[in-house]
Every structure is written in C-alpha cells, then in structure tokens.
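Asker: Here it is, the structure in full.
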Amino acid sequence: MSGQKESTGLMNLAESLASFGKTQGADEIEITVVEGMEFDVDVRYGKIENLIEAGSKYLAMRVIKEKRTAFATSSDLSMDTLQQLMKNAIRRTEYANLDEYTGLPNPSKSTFDQASLNIYDPEISELDPKKKIALAMETEKIALADRRITNSHGASFETKEIKTHLVNSFGFIGEYKETVCSLSVGVQAGETDEKVEDFWSSSQRYFKDLEPPEKIAQRAVERTVRQIRPRKIQTQNVSVIFEPPMTSWLLGFLFSCVSGMAVYQKLSFLADKLGEKIGNDNITVYDDGHMPGKLGTRPFDSEGVPTSQNTVIQKGMLKNFLCDTYAARKLKLQSTGNADGAGVGPNNFYLQAGEFSPEEIIKSTAKGLILTRTLGHGLNPVTGDISRGAFGLWVVKGEIAYPVSEITIAGNLGKILNQIEMVGNDLEFRSPISGPTIKIQQLTIAGE
Amino acid sequence: MNKIFMRHYPVSFEEHFQLSPDDLEQFLRIALSQGGDFSEIFLEYRMSNSIRMEEDIIKETSENIMLGIGIRVIFSDQTGYGYTNDPSPAKIKKAALTAASIAKGELIQPPVQLQYALPPHNFYPVFSPTLEDSLDRKISLVKETYHAASHFDENIKEVKITFIEQVRYITIVNSEGLSISDVQPLLKLICLCIAEKSGKREAGFSGGGGRVGLDFFRKNLTPGQIGGEAAEEALNLLEAVLPPAGEMPIVLAPGHSGVLIHEAVGHLLEADFNRKKTSVFWDKLGKRVGNEQIFIYDDPTIPFFRGSYNIDDEGTVPKKTPLIEGGKLVGFLQDRLSAKLMGMPLTGHGRRQDYTCIPVPRMSNTYIDKGEYDPENIIRSVSRGFYAHRYQGGQVEDSGKFTFSVSSGFLIEGGKLTAPVKQATLIGTNIDILRKIDKVGSDLIFGLQTGTCGKEGQAAPVTDGCPTLKITSMTVGGLR
C-alpha cells in the first residue's frame, strides 16, 4: 500500500535528520513527524455548508548540546529546509543557558503493543464520503423536526487519521496510528431576543461506537429546550450538581493544577501539597494512557515514555503530579508519560465513578442548582479560584423546577474538593478528560 | 556575533512554491471544473521564532516554519476546501479537485487571467523586519523584562517571559483574476509573574507588541514598563479582597475593558451569524440597539496594531467599518461569502488562522469611540459599585449572553476607588448592556497588544479598546 510506503519514508526522514544532527555536533536529538488526514463536513438546513478534505504533515525537532536546548518545527519537509533548521537549532543552543535538568528520557527497555490499545479503526479510511455526509444530514434533520427548535447551527461529521513517528538519539524508534471520528449538532430554540442554544456530540476512536444520529439529535434538542424562559435568581449559597460535561470541565482545571509543569513553576495552589489530604474520601482521580479504545489513549508520550495508569488522587490524598521528563527531574519524580509537545498534557484523566445515579443525586437535593453549562474564563490555578458565567436548572425539593441564566458561580477548587458530597455512577469517556455527575455541598451563585 | 535569523529563505511565493502564474491559473480552472462559481488559492509561508525565560535562565529558543496551500471553491452558498503542505503539482491538483467536488455540473467560468495587484497602503512599515535582527538583541529584551519584574519587589517569586516574533507571507489568487500579496510582521513580548506573601500567591500579567519592529520595545513600550506592570498587578492582588456578588453599577476602566465590546457586541455583528439569523442582531440593521452616546467601529487600518492588515485573507483591501453609530446598528463585518449572499459590500474582514482553514468574518481592532464624560466624574457618580480593571478574557454565544472574567478591579465606595478586588465574573446579555451604558468617557485607550481571539477553532490576532464606561447595573459574580 502506498500509505505504508509513505509512512516508512517519514520514519527514514526522521532517522536521517537525526543522524545529520549528530554529525553537526548535537549531543541529543529528538525528531517527531506527524502525518494527518482530515475529513470534515458541516451541513445546515439539509445542505452542505463546508466540505473539507486534506492531508498534512509536520516535523518537530528538539536539539540539546551541552545541556542547552533549542526547538524547531516545520511543515516544509524538504531536506534542505530541515537540515538548515537543524543547523540553526544547534547554533541556537549556545544562546540558551545551561540547564542540568534538560535532556531526553533515559532509554527504557519497555515495549508497547499498538494493537491491544484499539485506537485505530481501519474502517474510517474506507468510509464513503456520501455516508459521512448523510449522517450529518440525518442528525440535523431529526433535531429540526422538533417544533420547539427555531434555528440551526448545523451538524458536522468529522474524521481524523493520524500517524505519529518518533525517533531519538538514545535509540528510541516508535510509531503508532490513531483515528477519531465525531458527529455533532447545535440548535437554537425561542425567538430572536429570547433565544437559547446548546449542542451535543459524540466522539470515538471507532466508527461503530459512535452514538446514532437519533440519540445525538435528541440530546441536543433536550439540552436546548430545557433552557427556554429562564428566570433570574437571588444571590445565595446552595448545593450545586455538576452534569458530567461540567465535571469534566472542573477536572480540566484540576489537571492544570496537578501538571508537573505548573507545579515546578509554582503556578499551582497544589504545588506543596504532595502526600497531603486535599479532598474528601469520595475523590479518586487517575490518569491512564493505556485504556483500550479511549480518546486519550496512546502507547507512548511525545518523548517516547510508555504510558501507564497513574493514581493522581486516592480517596482525597494527593499521590502524584503528572510529569514529562523535565518536570519530573525538577520535582525529583518519575515521568508519568504525560509529555505533550512543549508541555504536559492529559492522557485519560478521570474521576472514578461513585455509587449514585444522577436521579438519586437530584432527589437528595432540597434546594440547589444543576450546572449545565458555563461561559467564559475565570480560572486561576495559582489560587484555585473559580468564577464563571453559568446556566443551569433550579432544583426545589428534589425536582427540577425551572431554568436559570445570567448567573455566575464562584468558589475555590481547594474547597470544592473537600465538599464533593456525592459522586455519580454515570462515568463515560466522552473526551480525554471525563467525570460523572457530582454534587458539591455549597457554592456561591450570584444573581440579582 | 552569529546572525542566525537571516532571511536565508526566499520570500516570493514563486520561489517557495515553485509555481508560475500559469500554474496558478490552471489550478483555479481545475477547481472550477465541476461548475463552481468562484475559486481561490491561498498560499502561506510563515516563519516564527520564540524565546522563553524562567527560573533565571533562558530555557529554550525555537524556530518554526509553516508552508501550505489552501484551495476553496464556492458554489452558491456551499464551500469546498482542500489543503496541502506538499507544494507538488499532483498534491495541489488533488486539493483543487477536492474543493471542486462541492459543485455539481461542468466548467462554465471563462479562463482566468491573473492581474497582479499591490495593497494600496502599508499599515506596518517596519524598517527592519525582526527576523533579521540579531538573537542577542532579542535575548537582551527578554532578560531586561525578566529582571524588571523580578527586582521590582522582594515578594515577586517567579517570573516567566515569552518573546514571539512572526513574519507571514500570504498570496491570494482567485478566479476573478485577483493576485495580491502581503507580508505581515507580528511581535509579542509578555511577562507573567507570581507574587507570594504570608502563604498567599497571586499572578500578574503584562505585555505588548503589534505589527512593529524591535525598536518598539525601546521607544514605545520598554521592558521596564512591561515587567513593572506585571509585578504591580500581582502585588496588588495580594492585597485584594473577594469580590461582592449581585447586581450593581459597574464602571469599566478604559483600554482593557475593550474586551467587553469585542465579546458582547463585536462577535454578534460578524456577518455569518446574521446571515444565518442565529445572532440576536440579525433583524436589527438600521435600528436603535443602544444608548445614543455609543459609536462602535472595527478598523483594520490602524498603523502598527496587532489586529491590522493591508489585505484580509481573501485579498480584500479593508476599511474602517462603522458597526454602531449613535446607538443605531449600521453595519456587519463581512467576508466574501456572506457579503455576496446578503447583497452587501465587502468590508475586508475575511480572516483565517492559516492555510488549513476556510476564511470567516472576524474582528480586527474593535473599539467603542470616546464620548463626552470626564472619567473622574464617572467614578464620582457611583456611590457603591464595582470598577473592572483587568481581564482574563470573555466569551459570548449567539443568543447574546456573554461573560467576561475580571482578574482585578476595585470597589467603588462613595465615588472613590477603594479596596482592590480579584477574580470576579460579569455576566449579561448584549442588547441589555448596550442600553444600560449610560456614560461614555472622553478617554479612549486600546488594551494590550497581545490578544488572540478564537472562533470556530481558529485563532486570530486582535486588539480592542474603549473609554471609561458606566453601566447602570450588571450581575457581578463573586464570593460574598
């Protein structure tokens, strides 16, 4: 197959560039070549709006000489350009300061088995474009059939096929293939000045695992219409229930506070809390790059360190920071296989599911807010402070009473971790960072 | 002295891409082979460098090259798009055919004859493109900024400096015969620092740049100013109290508060959202939407600004575009597709992140124009309220609901700024806010030249500005 030949070609390119770098005087070299294929169709009101199909490649290099580092990237893969970039990078190392922590990961003997990870679906490259377009069309059509829907943001179907090649001067050679496909739709309900909107999507490694159009359309409609005619509420402190996408959002913020990079840079309020109890017993958080078929799964990280399961928080105890090789050396820890290009990124970072169904959690709430969406920034990892615009559903006596909007939620992640009263049993891995429904004892809601 | 960032790469697109005008005409034709109305080739070559300093040392430098071609076909209101970073004729042809597949029919357009045009203005006449400047000079700037912050006060514990420079060469050719190029420099020097005192930690941020040369950091905005400002913000926040919660009068500081105009108003005046009637403004052109003191413009032609350009990413020469005048909605920000479908003139706001992206209507430098009120008097008119000073950013949805995150501000008590306040969120709906702005100050200022706006996953450099503004009431999210 021509695809395979090309892939071998990219591995050869990486290897020959690495040897060239050695002859030019570099001590350590790491070369990454990524090749991607993208298909993306957006439809709106039954017509194709945008159709994109393309392939692209880029190369990234890290060069270390006398413990000084330089980087370069290029989407121009001609050997002349790459060799010039390599020479420049080697010369530029003189401008960086000596840094004893810099360097490639120590060579490891561990092997990896791409096949068992189930992150590549061969069906995706075979899919007929007509089928992909039809899926997006069908999803939108079902959503628009609901009379409460007054406008469409359109539906999209997207596939990506990515091949990653990694070579380093300590003898690491590795490559893997992965696929992702996703189907989504966004809609509006209500009239011009009182519109509400939301969307729903499903992303999977395997085409066969995607949620069907009916389910995606129904969720998008449901999520939209439940916001119609929102009320304002008084400023108060109440229990707040996070729906799973909101728990994922909160976990994304937690990730930025347990990233070894933020920790050694003292940009995290958790920087000096390793080994301490930072939350209650309900909280157990893992990062696991080795779960078969999940969106954050990969055999090795961007430095070639094999991924594995790492316990980040166990029953409230902060067990580990997530590190690339550099952060690990700074913190006297081990790399956890979380290197992600220039920094530290999540693999599958998730909060372990609890025992309660979402219904039980709502029933247990005398008065509170179900947080359904947030808007804006307002996260400060240095202090753990949170302040966001929010949308939600007001709960009275265990039942959903009415939607609320134009509110903000405010709190502090350090406090929230100690106030997670209930954890849901509805954990699904819809994105690399995921969590189930949770209930927080008390947050400040600002309204009128 | 090593002069590393020499321009050793050829700069004209023919040389990067080895393509003649004849080749381009042929690809435009292939793109129309299935009956499209319009075809376009976007060629991009981008060089960028960065320097990062933290923990008292220069950690690393990097050099980045981006080369690619995007081909677009428009067929009625439908767009086909293909791109490649392999400039071989076979790959470009494949991208052209991918784009062509959106149309159904056969070639009907006449042959293309490209007419080379020059942008009529140069809004960034930078004498010495920074890529050619020596690395030593750039590293000095980085170190000076670092030390300005770290020596500012003994409570400054951590400093991070990032310097990023970029030169973007773009060429747009299309089936109407347009052939036009631009060279767009962009610089940014930013400082983040952490202050720590009795167990409390806070972060401060500052920076600047634009489509300027390195001299900018000697003549206009010095490393000392950038480092000092970031340190000062972090130190102020150490003393800051938790924000109040609830509805109250708000005064927006000039400059940084431009993010409000960008989020609450600018996005929803982008033509695509109005063509699709998803924006709350779609049926309000020519109508009164706010207080009569309000005049809002988007102007890509402000010299040296980060959001400026000589041509947009569709090759259109941009204009200062009035959006709201005297409280009346007078215009939208247009790209080619929306302008055609809405039957409105082009404004030059079709932008794209890079060659992998379809252009969409975007803001450039957006601002609310100055009014009549003395800023001091505006503050004095508030007995109890909130003064929003610096921001982390904002977000809006088409229905008009928006938030913006205030990183630092002050309480207003008895007409005076009193205690510093940290981490608050303001939330509202845009039509409501436009009506509630009841005093526009006489002190128009632009915010930091470091902003990047995101839309549909595409990033674009922007700036925004505003004078001191008073909003009669708005919800503040806080902890008290």
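Asker: Determine the pairs where a residue that is within 23 Å of A:His377 (Cβ to Cβ) and in the same structural domain as A:Gly378 (by TED's automatic domain parsing), located within region A:394-409, has a partner that is surrounded by 15 or more Cβ atoms within 10 Å (Cβ to Cβ) and of a type in the set (Phe, Trp, Tyr) with Cβ atoms under 9 Å apart, the partner being 6 or more residues away or on another chain.
Answerer: A:Val404/A:Phe391; A:Val404/A:Trp394; A:Ser405/A:Phe391; A:Glu406/A:Phe391; A:Ile407/A:Phe391
Asker: Scanning region B:377-409 for residues that are over 30 Å from B:Ala203 (Cβ atoms) and modelled with pLDDT of 90 or more, which turns out farthest from the other protein chains (Cβ to nearest Cβ)?
Answerer: To start, the set of residues in region B:377-409 that are over 30 Å from B:Ala203 (Cβ atoms) comprises B:377, B:380-381, B:383, B:398-400.
From what is left, the residues that are modelled with pLDDT of 90 or more are B:377, B:380-381, B:383.
Numbers: B:Asn377: 28, B:Arg380: 26, B:Ser381: 22, B:Ser383: 19 Å.
The extreme case among them is B:Asn377.
Asker: Take the residues of region A:13-56 that are within 12 Å of another protein chain (Cβ to nearest Cβ) and either among the small types (Gly, Ala, Ser) or out of contact with any strand residue (DSSP E or B) (no Cβ under 8 Å at 6 or more places or on another chain) (or both): which is surrounded by the fewest Cβ atoms within 10 Å (Cβ to Cβ)?
Answerer: Here the residue is A:Gly46.
Asker: Being over 30 Å from B:Ser20 (Cα atoms) and more than 14 Å from chain A (Cβ to nearest Cβ) is true for just one of B:Lys160, B:Lys219. Which residue is that? Full working, then the answer.
Answerer: Working: B:Lys160 fails: more than 14 Å from chain A (Cβ to nearest Cβ).
Selected residue: B:Lys219, the only one of B:Lys160, B:Lys219 that is over 30 Å from B:Ser20 (Cα atoms) and more than 14 Å from chain A (Cβ to nearest Cβ).
Asker: Name the residues in region B:277-298 that are crowded, with 20+ Cβ neighbours inside 10 Å and among the charged types (D, E, K, R), would you?
Answerer: Scanning region B:277-298 gives a single hit, B:Asp298.
Asker: If I ask for residues that are part of a strand (DSSP E or B), of a type in the set (Val, Ile, Thr) and farther than 16 Å from A:Tyr101 by Cα, which ones from region A:62-87 would you list?
Answerer: Here is the first cut: in region A:62-87, the residues part of a strand (DSSP E or B) are A:62-65, A:68-74.
Now restrict to residues that are of a type in the set (Val, Ile, Thr): A:63-64, A:69, A:73.
Selection gives A:Thr73 alone.
Asker: Can we say A:Ile313 is buried (at least 22 other Cβ atoms within 10 Å of the Cβ), more than 23 Å from the chain's Cα centre (by Cα) and either within 30 Å of A:Thr179 (Cα to Cα) or among the β-branched types (Val, Ile, Thr) (or both)? Walk me through how you get there before you give the answer.
Answerer: Details: buried (at least 22 other Cβ atoms within 10 Å of the Cβ): yes; more than 23 Å from the chain's Cα centre (by Cα): no; either within 30 Å of A:Thr179 (Cα to Cα) or among the β-branched types (Val, Ile, Thr) (or both): yes.
Here the answer is no, as A:Ile313 does not meet what is asked.
Asker: For region A:80-121, name all the residues that are within 22 Å of A:Gly171 (Cα to Cα) and either touching a Pro at 6+ places or on another chain (Cβ under 9 Å) or charged (D, E, K, R) (or both).
Answerer: A:Lys87, A:Glu100, A:Ser108, A:Lys109, A:Ser110, A:Thr111, A:Phe112, A:Asp113, A:Gln114, listed by residue number.
One line per residue, one yes/no per condition, for (1) touching a residue at least 12 places away in the same chain (Cβ under 8 Å); (2) over 21 Å from B:Met53 (Cβ atoms); (3) in contact with a Gly (Cβ under 8 Å, 6 or more places away or on another chain):
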{"position": "B:Ser134", "(1), (2), (3)": "yes, no, no"}
{"position": "B:Ser140", "(1), (2), (3)": "no, no, no"}
{"position": "B:Thr145", "(1), (2), (3)": "yes, no, yes"}
{"position": "B:Glu202", "(1), (2), (3)": "yes, no, no"}
{"position": "B:Pro223", "(1), (2), (3)": "yes, no, no"}
{"position": "B:Gly227", "(1), (2), (3)": "yes, no, no"}
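Asker: Any residue at all in region A:417-438 that is assigned to a strand (DSSP E or B), within 25 Å of the chain's Cα centre (by Cα), closer than 19 Å to A:Gly279 by Cβ and within 14 Å of chain B (Cβ to nearest Cβ)? It would help to see each step written out before you state the result.
Answerer: Here is the first cut: in region A:417-438, the residues assigned to a strand (DSSP E or B) are A:420-424, A:433-434, A:438.
Those still in the list that are within 25 Å of the chain's Cα centre (by Cα) too: A:420, A:422-424, A:433-434, A:438.
Filter once more, so that each one left must be closer than 19 Å to A:Gly279 by Cβ: A:420, A:422-424, A:433-434, A:438.
When the remaining residues are screened for being within 14 Å of chain B (Cβ to nearest Cβ), the result is none.
No, there is no match, as no residue in region A:417-438 is assigned to a strand (DSSP E or B), within 25 Å of the chain's Cα centre (by Cα), closer than 19 Å to A:Gly279 by Cβ and within 14 Å of chain B (Cβ to nearest Cβ).
Asker: Residue check: is B:Ile65 out of contact with any strand residue (DSSP E or B) (no Cβ under 6 Å at 6 or more places or on another chain), within 7 Å of chain A (Cβ to nearest Cβ) and assigned to a strand (DSSP E or B)? Talk me through it step by step, then tell me what you get.
Answerer: Values: out of contact with any strand residue (DSSP E or B) (no Cβ under 6 Å at 6 or more places or on another chain): no; within 7 Å of chain A (Cβ to nearest Cβ): yes; assigned to a strand (DSSP E or B): yes.
Answer is no for this residue.
Asker: Which one is nearest to the other protein chains (Cβ to nearest Cβ) among residues in region A:366-378 that are crowded, with 22+ Cβ neighbours inside 10 Å and more than 16 Å from A:Pro245 (Cα to Cα)?
Answerer: A:Gly378
Asker: Here is a follow-up. Starting from residues that are buried (at least 22 other Cβ atoms within 10 Å of the Cβ) and in contact with a Ser or Thr (Cβ under 9 Å, 6 or more places away or on another chain), keep the ones in region A:414-430 and report whichever is farthest from A:Thr179 (Cα to Cα).
Answerer: Our first condition is that a residue be buried (at least 22 other Cβ atoms within 10 Å of the Cβ); within region A:414-430, this holds for A:416-417, A:420, A:423-424.
The next check asks that each one be in contact with a Ser or Thr (Cβ under 9 Å, 6 or more places away or on another chain); those that pass are A:423-424.
Details: A:Val423: 31, A:Gly424: 30 Å.
So, considering only residues that are buried (at least 22 other Cβ atoms within 10 Å of the Cβ) and in contact with a Ser or Thr (Cβ under 9 Å, 6 or more places away or on another chain), the one farthest from A:Thr179 (Cα to Cα) is A:Val423.
Asker: Sticking with this one: Check A:Cys323 against each of (1) away from chain B (no Cβ under 14 Å); (2) out of contact with any helix residue (DSSP H, G or I) (no Cβ under 7 Å at 6 or more places or on another chain) and name the one condition it does not meet.
Answerer: (2)
Asker: So, B:Leu434, is that one within 14 Å of chain A (Cβ to nearest Cβ) and farther than 30 Å from A:Val238 by Cβ or not?
Answerer: Numbers: within 14 Å of chain A (Cβ to nearest Cβ): yes; farther than 30 Å from A:Val238 by Cβ: yes.
Judged against the criteria, B:Leu434 is a match.
Asker: Determine which single condition B:Cys466 fails, assuming it passes every other condition in (1) surrounded by 23 or more Cβ atoms within 10 Å (Cβ to Cβ); (2) modelled with pLDDT under 95.
Answerer: (2)
Asker: Can you name the residue in region B:207-229 that is among the charged types (D, E, K, R) and outside any helix (DSSP H, G or I) and, of all such residues, is surrounded by the fewest Cβ atoms within 10 Å (Cβ to Cβ)? So that I can check it myself, show each step before the final result.
Answerer: Of region B:207-229, the ones among the charged types (D, E, K, R) are B:211, B:215, B:218-219, B:229.
Keeping just the survivors that are outside any helix (DSSP H, G or I) gives B:211, B:215.
Numbers: B:Arg211: 25, B:Asp215: 14.
Only one residue tops the list, namely B:Asp215.
Asker: Would you check if B:Gly331 is assigned to a loop (DSSP other than H, G, I, E, B), under 30 Å from B:Asp432 (Cβ atoms) and at pLDDT 95 or above? Before the answer, list the steps.
Answerer: Details: assigned to a loop (DSSP other than H, G, I, E, B): yes; under 30 Å from B:Asp432 (Cβ atoms): yes; at pLDDT 95 or above: yes.
Spelling it out, B:Gly331 is indeed assigned to a loop (DSSP other than H, G, I, E, B), under 30 Å from B:Asp432 (Cβ atoms) and at pLDDT 95 or above.
So that you can scan it fast, the table gives a plain yes or no per residue for (1) part of a helix (DSSP H, G or I); (2) assigned by TED's automatic domain parsing to the domain that holds A:Ile119:
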site	(1), (2)
A:Val180	no, yes
A:Asp198	no, yes
A:Asn237	no, no
A:Cys257	yes, no
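Asker: Oh, and also: Evaluate region B:236-255: report whether one residue or more is within 14 Å of chain A (Cβ to nearest Cβ), under 30 Å from B:Arg137 (Cβ atoms) and of a type outside the set (Ser, Thr, Tyr).
Answerer: no
Residue by residue, here is whether (1) farther than 23 Å from B:Ala99 by Cα; (2) outside any loop (DSSP other than H, G, I, E, B); (3) aliphatic (A, V, I, L, M) holds:
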| residue | (1), (2), (3) |
| --- | --- |
| B:Ala339 | no, yes, yes |
| B:Pro345 | yes, no, no |
| B:Asp354 | no, no, no |
| B:Met363 | yes, no, yes |
| B:Glu376 | yes, yes, no |
| B:Gly385 | yes, yes, no |
| B:Tyr391 | yes, yes, no |
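The values are calculated or read from the model by the stated rules, or taken from the named source; none is laboratory data. As the structure is a prediction and not an experimental result, all values here were calculated from the model. Every residue, glycine among them, receives a Cβ derived from its backbone with ideal geometry; neighbour counts consider all protein chains shown.
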